[in-house]
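Okay, so here's the structure we're looking at.
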Amino acid sequence: MKSTCMKWSALPVLVLMAGTVVLAEDLGAQEPDEAQSGSSATAATPAAEPTPAAKPKPTVARRKENQQDRIAQGVKSGQLTAGETSKLETKEAALNRETKADRAAGGGKLTAAEKKQINGQQNQLSKQIGKDKHNASTQHYANNKVDQRRENQQDRVARGIKSGQMTAGEAAKAEKQQKGINRQVAADRKANGGTLTASEKKQVNHEQNAASKNISHSKHNLKTQPQEQPKPN
């Protein structure tokens, strides 16, 4: 009876000792994870992200190319009328002449003051492009041969501007010619209740043939809108 009591009294001590061993093993198993993540008392400091490099300002040539791309998109979409495009390209041509003269006088380079002046003028032109593209005046084309020809001519001009095959001056002249044809068509239609007579259609087609030749000549002559060349890596 005495040995039985001693056996039962020793059981809690054995259970306590076993629990202590298990706890020690659990704590020992946690050490490798704590070593990887750092001390539990001090949180790991995240690495600071690198500051993104500031984008370089566009060059004079790049700015000019961007403006031409915006004009070409407006011509293609019909957001810019032939009259609006002619005015914009006339301004762009004048700015190109000014830049060319400044470079010739400066040995091929522009001074800081000249660059600032050109940038200010391009800012004004940029605002005008945005205004013209979002006003109420747009190119409208009906489903007839006359209007389809007009739209086709505009698409050709847009491609010429975009590719640089047409200079700003050439685009201005081509769009001035289209503006004149558009006015004539609008006036003839107004006088005839919205339609064109056979002779009027023939006259418009003749004028578009002449305009088509001018567009083709402008796109395939030696005059091109300079495109900024990518810098070698």
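None of the figures in this text is laboratory data; all of them are computed from the coordinates on show. Bear in mind that the values here come from a model prediction, so they are computed numbers and not experimental data. Counting neighbours? That spans all protein chains shown, and the Cβs are built from the backbone with ideal geometry, glycine included.
Being basic (Lys, Arg) and free of Cβ contacts under 8 Å to residues at least 12 places away in the same chain is the filter here, so list the residues in segment 105-145 that pass it.
First pass over segment 105-145, keeping only residues basic (Lys, Arg): 109, 115-116, 127, 131, 133, 145.
Scanning segment 105-145 gives 109, 116, 127, 131.
Any residue at all in segment 170-192 that's in a loop (DSSP other than H, G, I, E, B), over 22 Å from residue 89 (Cα atoms) and touching a residue at least 40 places away in the same chain (Cβ under 8 Å)?
no
Across segment 146-169, which residue is surrounded by the fewest Cβ atoms within 10 Å (Cβ to Cβ) among those that are of a type in the set (A, V, I, L, M) and without any contact (Cβ under 8 Å) to a residue 60 or more places away in the chain?
This residue is 146.
Please state which one of 143, 152 is more than 25 Å from residue 64 (Cα to Cα) and part of a loop (DSSP other than H, G, I, E, B).
Answer to the selection: 143.
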